[in-house]
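What follows is a set of notes on a single structure, which appears directly below.
The values are calculated or read from the model by the stated rules, or taken from the named source; none is laboratory data. What you are looking at is a predicted structure, and each value in this text was computed from that prediction instead of being measured. All Cβ positions, glycine included, derive from the backbone under ideal geometry; neighbour counts span all protein chains shown. SASA here: full protein model, heavy atoms, side chains in, ligands and nucleic acids out. Shrake-Rupley method; radii C 1.70, N 1.55, O 1.52, S 1.80 Å.
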Amino acid sequence: FQVGPTCYRGLWVVDGNFILEAARYLGYDKDAEEGMRTTWSRQLDTGQVVAGGGNEHWKDTAIAMFTLVRQCELSQDWSLLRELSPQVAHAITFLRSLQAEAIRQNSALGRYGLLAKGFPDGGIAGVCDELTNTLWVLAGLKAIAEAAEQQKLDSLNDARGFYNQLDAAFSKAAPQEMRRYETGFDYLPM
């Protein structure tokens, strides 16, 4: 499966989320599960999921969590979430460590209680203070928290607390970081 006319020779977790969803819609259930397992096979000892985006592409870990939940929703089979729940818990621990790293970096992100400087994506700006990683981590944590509650997976209870904490920090940071575009609308730079 490819994202379009470009043929990738690596694993891209962000694109993979959408590719695996399309595969599932088209009835390629076995391929979708294999893709999910391949994504989680890229998890490091730290808990981080690293693929083509690189080491500071924190969102890959969160998107792997989000995709896992989405695949379980689409298949209506939650056994893969149960099987991978120890890896997911380890991923959450890794993502939490990025808050402490942001404080050590003495970055604006750290002062807000967000994640460490990261790579936003698409070759933009390199490693910097940015919000795309935090937004994807919020999406991943919310998906995991809701699924864990629904499936009664107590081992993933930390997802809800971390989500609430990070969401509150983001909600506090967003108005402060809002900018006005020259034509008069407000936007949150990524």
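Place +1 on the Cβ of every Lys and Arg and -1 on the Cβ of every Asp and Glu in the stretch 1-137, take the dipole about the Cα centre, and give the residue among LEU81, TRP12, SER107 whose Cα lies farthest towards its positive end.
Toward the positive end, the furthest listed residue is SER107.
Mind checking the angle between helix 59-75 and the chain's longest principal axis? C-alpha axes, 0 to 90 degrees, to the nearest 10.
Orientation of helix 59-75: about 40 degrees from the principal axis.
How do TRP40, TRP12, TRP136, TRP58 stack up against each other in accessible area, from largest to smallest, with a 1.4 angstrom probe?
In descending accessible area the options line up as TRP12, TRP136, TRP58, TRP40.
Can you list, bin by bin at 5 Å, the percent of alpha carbon pairs in the chain, starting at 0?
Using 5 Å bins, I get a P(r) of 1, 8, 16, 19, 19, 15, 11, 7, 2, 1, 0 for the chain.
On a 0 to 90° scale, report how tilted helix 79-104 is relative to the longest principal axis of the chain, with both axes built from alpha carbons and the result rounded to the nearest 10.
20 degrees
Compute log10 of I(q)/I(0) for the stretch 82-190 with the Debye formula, placing one identical point scatterer on every Cα and leaving out solvent, at q = 0.10 Å⁻¹, to two decimals.
Computed log10 I(q)/I(0) values: -0.33.
Divide by every residue of the chain the summed helix terms, -39500 (n - 2.57) for each DSSP H run of at least 4, and state the resulting mean residue ellipticity at 222 nm, rounded to the nearest 500 deg cm²/dmol.
-20000 deg cm²/dmol
Which FRET efficiency value, to the nearest 0.05, is calculated for ASP45 and LEU188 with the Förster distance at 35 angstrom and r the Cβ-Cβ distance?
Computed FRET efficiency for ASP45 and LEU188 comes out at 0.55.
What GluC sites (Glu not before Pro) in the stretch 92-190 are in a loop by DSSP, with at most 10 other Cβ atoms within 10 Å of the Cβ?
In loop regions of the stretch 92-190 (DSSP not H, G, I, E or B), the sparsely surrounded GluC sites (Glu not before Pro) are GLU182.
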